[in-house]
Amino acid sequence: MPEIIAMNNDWQFTEEFSEELLKKDCAVSLKEVRIPHNVKDTPYHYFDDSIYQMISGYRRIIHAPEEWRGKRIFVTFMAVAHSAVVYLNGTELATHNSGYTAFEVELSDHLKIGEDNVLAVKVNSREDQNIPPFGHVIDYMTYGGIYREVYLKICEDLRMSEVFVEPVAPEEENITGEIKDFRFNSTLDLDITLDEKDGNILSEGDLKGIQLYTVISEHKSGKAVCENTFDFAGLSSVEIEGARLWDPVSPFLYDIYIELLKNGQIIDTFSCSFGFRRSVFKEDGYYLNGRKFKLRGLNRHQSYAYNGYAMPASMQKLDADILKFELGCNAVRTSHYPQSQHFLARCDELGLLVFTEFPGWQHIGDQDWKDQACVNLEEMIRQYKNHCSIILWGVRINESVDDDEFYTKTNEIAHSLDDSRPTGGVRYIEKSSLLEDVYTFNDFSHEGDNPGCKPKNAVTPDPSKAYLISEYNGHMFPTKAFDCEEHRLEHALRHANVLEAVNTNKDIAGSFGWCMFDYNTHKDFGSGDRICYHGVMDMFRNPKLAAYVYASQQNRTPVLEISSSMDIGEHPGGNRGNIYIFTNADSVRMYKNDVLLKEYTAADSSYTHLRHAPILVDDYVGDALKDAEDFTERQAAIVKKALNHIARYGMNNLPLDIKLKLGEAMTVYHMTFEQAYALYGKYVGNWGDKATTFRFEAIKDGEIVKTVTKSTSGKLNLEVSCDHTELREGDTYDVAAVRVRVCDEYGNVQPFFNAQLKAELSGPIELAGPKYILINGGMGGCYIRTTGEKKAASLKISLPEEYSYLEESSRQLLFEVL
């Protein structure tokens with residue numbers, strides 16, 4: 001029976017590799033580390049990429065017990081950034097030159113049974129290597145280290161070296177009724193490659209007496225669906241009756257467990273999840289399980305504040321949860337490289353569709369560079385093709401120029417390894433050479449006051465092929481959480497404008513906004529502090545205003561966000577400007593000092609192709625003029641319109657229609673300037689008067705589901721949330737994400753609060769980063785990491801000392817490490 005052992009603890013690390021690390025009695029001073037590991041923790045901002053560019057060394061002692069004699073022993077590194085040389089007992093065994101895919105090394109012939117063995121890894125995280133994505137500037141930090149997990153596998157001579165699980169979904173025309181209720185009979189094709197210790201890939205004629213035993217079960221319930229034993233063939237099929245579809249509305253997964261049998265004995269095993277789905281890109285868009293489906297997603301980097309790429313499974317899965325449940329996305333692009341298997345597995349579970357691509361950013365190197373890129377592509381497809389969430393392979397270096405010879409080859413590789421999925425290639429060039437199945441284009445044409453995107457026919461050279469927008473916004477309008485209110489609103493509306501335009505253009509398959517969250521970048525990009533503020537969230541995954549454009553497209557959680565603090569001093573001239581409601585409710589009631597002004601619905605939005613669109617607040621008066629001023633209906637209407645305009649834009653440069661209405665009020669109804677000014681002060685203006693309280697109520701199915709109150713803040717309040725407080729020491733350490741918001745007493749983030757909060761720890765946990773919590777724009781966070789011991793722990797977060805007079809100046813989180 002094969003055995004898999006996690007090898008993520010008891011590693012030693014040095015920032016300078018030397019041959020001394022290969023020796024059993026190493027004289028170099030080494031640091032004890034756990035995997036995933038980043039060669040250098042980084043500041044939040046204002047740091048240079050040189051701090052992680054180094055040739056470092058890792059080593060670990062492996063004791064090989066007697067039971068391993070005669071077995072095959074493999075070590076698998078899920079990712080090492082960016083090239084790695086692996087040694088065992090001083091002998092160089094393998095080199096790997098991609099920082100984003102896994103690789104395995106057989107240790108069998110060099111392992112000393114009954115002794116301690118020295119496994120060492122030379123890690124090059126310099127950016128001067130002739131491998132993707134390097135060769136020119138790159139708009140993201142690339143970090144370094146053994147940043148994904150490491151495993152040891154002990155097995156027999158004969159093993160399954162590769163398994164491709166290919167579910168056969170029904171044809172589109174045969175899918176009827178509700179997706180979650182649809183049942184069908186189908187087959188699961190198994191393409192299995194075997195090899196022996198000498199490296200030979202075995203053919204069917206060499207396998208007499210070799211059998212497969214398979215069990216297929218429902219992923220959630222564990223209920224067995226079918227069980228089979230049959231003679232091995234390279235390509236086999238398993239019949240499944242009453243199968244269910246995998247879909248974003250009902251992501252039904254199955255698990256397959258395979259045993260490789262020789263003379264009735266188990267010599268190898270394999271397991272994975274899979275789903276049945278019919279995924280097709282067509283001329284007029286994308287189709288999933290027989291229906292047209294508009295992709296609405298964001299681009300995701302795999303980086304984290306302070307920790308670079310090094311985060312365990314819990315944080316990888318959390319990002320998928322945030323995309324699905326907090327941001328309301330149905331798709332994600334893994335820009336610009338393959339990402340964690342944990343992230344992809346969670347996308348499988350959630351029904352989150354994935355566009356993944358091989359590593360690179362604009363630059364195409366020499367022939368050696370291209371050869372390595374092709375290796376990267378092959379590794380990506382072989383390692384990720386069992387994920388049903390993946391619907392498109394990216395086979396073109398992101399935003400690179402045309403290279404027909406190179407990209408003909410990458411397309412051939414992709415189709416030869418997986419003919420079930422189409423290829424795409426992200427470019428910024430219109431009408432460029434189209435060798436892929438889908439024209440994927442970064443459309444940065446929107447500037448706020450023009451169409452949200454270009455029409456398909458203006459971009460693609462072949463309208464008969466599918467078209468997908470792979471990036472938009474981003475660098476066109478960087479936005480910080482602490483930017484002024486108007487800037488944050490413009491950022492949100494630009495995202496809404498593009499989504500509206502994509503939905504309007506029926507022949508666009510969908511779009512991926514740039515991007516999910518802010519990220520550290522090189523000096524050639526960003527805002528001068530080594531951060532690209534392109535995200536709809538900050539680096540700790542706190543939502544900016546633009547996040548609510550996406551969040552409001554889902555119906556799982558009530559959303560109500562108002563774009564303004566309603567503080568007139570935040571606006572030029574004290575004018576309120578344009579204020580928007582972001583919600584997924586049926587309606588929103590707006591009150592001023594507890595008096596209902598207006599109930600807003602989707603009909604009040606200028607957007608017509610968004611499920612839940614931003615709604616402009618256009619009434620600060622309500623029916624008060626008619627009810628309290630004894631105005632006629634006509635008089636109330638014209639004065640109300642004038643006051644609402646002045647409330648938003650002020651008295652200067654009044655448009656002609658407002659001047660005419662004011663003229664009518666003065667000539668027909670004999671309103672004096674003094675009376676008009678008094679009405680302005682009473683219903684609109686607030687200078688020198690008591691502050692106004694606005695209340696917004698989101699109504700769903702006749703019930704109030706969420707309330708937002710906007711009024712002058714009297715005190716600060718700490719809001720602290722944690723994704724999970726039961727931390728588990730498993731294959732490696734666990735990490736919890738703590739998100740912190742500094743709010744007023746009504747729960748509104750205070751966007752101009754920037755400070756360091758005190759963090760006090762107890763128990764077997766540590767901060768994965770500095771010993772304080774940085775707040776920018778009223779939001780921040782930290783990562784809590786387990787240290788090995790299993791018992792209770794706590795984190796106390798406090799506002800700066802000058803706020804200690806507040807009753808709620810601190811918050812405490814209690815953890816249990818299991």
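The values are calculated or read from the model by the stated rules, or taken from the named source; none is laboratory data. Bear in mind that the values here come from a model prediction, so they are computed numbers and not experimental data. Note that each Cβ is placed from the backbone with ideal geometry, even for glycine, and that neighbours are counted across all protein chains shown. Keep in mind that these areas ignore ligands, DNA and RNA; they rest on the heavy atoms of the full protein, side chains included. Shrake-Rupley method; radii C 1.70, N 1.55, O 1.52, S 1.80 Å.
Charged side chains reduced to their Cβ positions (Lys and Arg at +1, Asp and Glu at -1) give the range 114-219 a dipole of some 420 debye around its Cα centre.
Here Rg/Rh (Cα atoms, Kirkwood Rh) was computed from the coordinates, and among (i) 1.05; (ii) 1.01; (iii) 0.96 the match is (ii). Net charge of the neighbourhood of PHE477, taken over other residues with C-beta under 9 Å away and scored Lys/Arg +1, Asp/Glu -1, is -1. About its Cα centre, the dipole of the range 640-730 is roughly 480 debye, where the only charges are +1 on Lys and Arg Cβ and -1 on Asp and Glu Cβ. With unit charges on the beta carbons (Lys and Arg positive, Asp and Glu negative) and the dipole taken about the Cα centre of the range 140-202, which residue among MET160, TYR140, ILE175 sits farthest to the positive side? Highest projection toward the positive end goes to TYR140. Most simply put, the range 290-405 has about 10% antiparallel DSSP beta bridges, counting only bridges with both residues inside it. Any idea what the relative contact order of the range 336-402 is, in percent, if you count C-alpha pairs under 8 Å spaced at least 6 apart? Dividing the mean separation by the residue count of the range 336-402 yields 47 percent.
Sequence-distant contacts, meaning Cα pairs under 8 Å at least 6 residues apart, place the relative contact order of the chain at 9 percent. The peptide list 22-30, 494-502, 705-713, put in order of mean Cβ contacts within 10 Å with the highest first, becomes 494-502, 705-713, 22-30.
Expressed to the nearest 5 percent, the antiparallel share of DSSP beta bridges inside the range 427-538 is 20 percent.
Per residue, the solvent-accessible area of the range 9-76 (1.4 Å probe, heavy atoms of protein chains only, all protein chains present) comes to 49 Å². Relative to the longest principal axis of the Cα atoms of the chain, helix 656-667 runs at roughly 30 degrees.
Can you list the chymotrypsin sites (Phe, Trp or Tyr not before Pro) in the range 604-644 that are in a DSSP coil and have 12 or fewer other beta carbons within 10 angstrom? Of the chymotrypsin sites (Phe, Trp or Tyr not before Pro), not one in the loops of the range 604-644 has a Cβ with at most 12 other Cβ atoms within 10 Å. Would you mind counting up the charge near SER271? Only other residues with Cβ under 12 Å from its Cβ, with Lys and Arg at +1 and Asp and Glu at -1. Residues near SER271 contribute -3 overall.
The residue among HIS45, ASN542, TYR286 whose Cα reaches farthest toward the positive pole of the charge dipole of the chain, with charges on the beta-carbon of Lys, Arg, Asp and Glu, is ASN542. Counting Lys and Arg as +1 and Asp and Glu as -1 over every other residue whose Cβ lies under 11 Å from the Cβ of VAL502, the net charge comes to +2. Summary of packing: across the peptides 802-809, 320-327, 754-761, 142-149, the per-residue average of other C-beta atoms within 10 Å ranks them, highest first, as 142-149, 320-327, 754-761, 802-809. Most tightly packed first, judged by the mean number of other beta-carbon atoms within 10 Å of their residues, the peptides 650-656, 611-617 read 611-617, 650-656.
When +1 charges are put on Lys and Arg Cβ atoms and -1 charges on Asp and Glu Cβ atoms, the dipole computed for the chain relative to its Cα centre reaches about 2080 debye.
Beyond 31 Å in Cα-Cα separation lie the following of the pairs LYS592/LYS659; LYS122/LYS262; LYS317/LYS409; LYS385/LYS700: LYS122/LYS262; LYS317/LYS409; LYS385/LYS700. Across the range 456-556, C-alpha contacts under 8 Å between residues 6 or more apart give a mean separation that, scaled by the residue count, equals a relative contact order of 30 percent. Loop-located chymotrypsin sites (Phe, Trp or Tyr not before Pro) in the range 33-70 (DSSP state other than H, G, I, E, B) with a sparse environment of at most 13 neighbouring Cβ atoms within 10 Å: TYR46. Quick one: work out the % antiparallel among DSSP beta bridges in the chain, nearest 5. Expressed as a percentage, antiparallel bridges in the chain total about 85. Legend: residue pairs LYS40/LYS480; LYS223/LYS324; LYS661/LYS682; LYS480/LYS640; LYS431/LYS523, Cα-Cα distance threshold 28 Å; pairs beyond threshold, LYS480/LYS640; LYS431/LYS523. Measure nothing but the geometry: give the 0 to 90° angle between the long axis through the Cα atoms of 673-683 and the longest principal axis through the Cα atoms of the chain, rounded to 10°. So the helix axis and the longest Cα principal axis differ by about 40 degrees.
Projecting the Cα atoms of SER389, LEU377, GLY351 onto the charge dipole of the range 308-422, computed from C-beta unit charges around the Cα centre, puts GLY351 farthest toward the positive end. For the chain, carbon and sulfur atoms together expose 47% of the accessible surface, with a 1.4 angstrom probe and every protein chain in place.
Here LYS758 is the anchor, and the lysines within straight C-alpha reach of less than 20 Å, apart from those fewer than 8 places off in the same chain, are LYS715, LYS771, LYS796.
Each stretch of four or more DSSP H residues adds -39500 (n - 2.57); spread over every residue of the chain, this sum gives -4500 deg cm²/dmol at 222 nm.
To the nearest ten degrees, helix 633-649 and the longest principal axis of the Cα atoms of the chain are 50 degrees apart.
Rolling a 1.4 Å probe over the protein heavy atoms gives the range 232-329 an accessible area of 31 Å² per residue.
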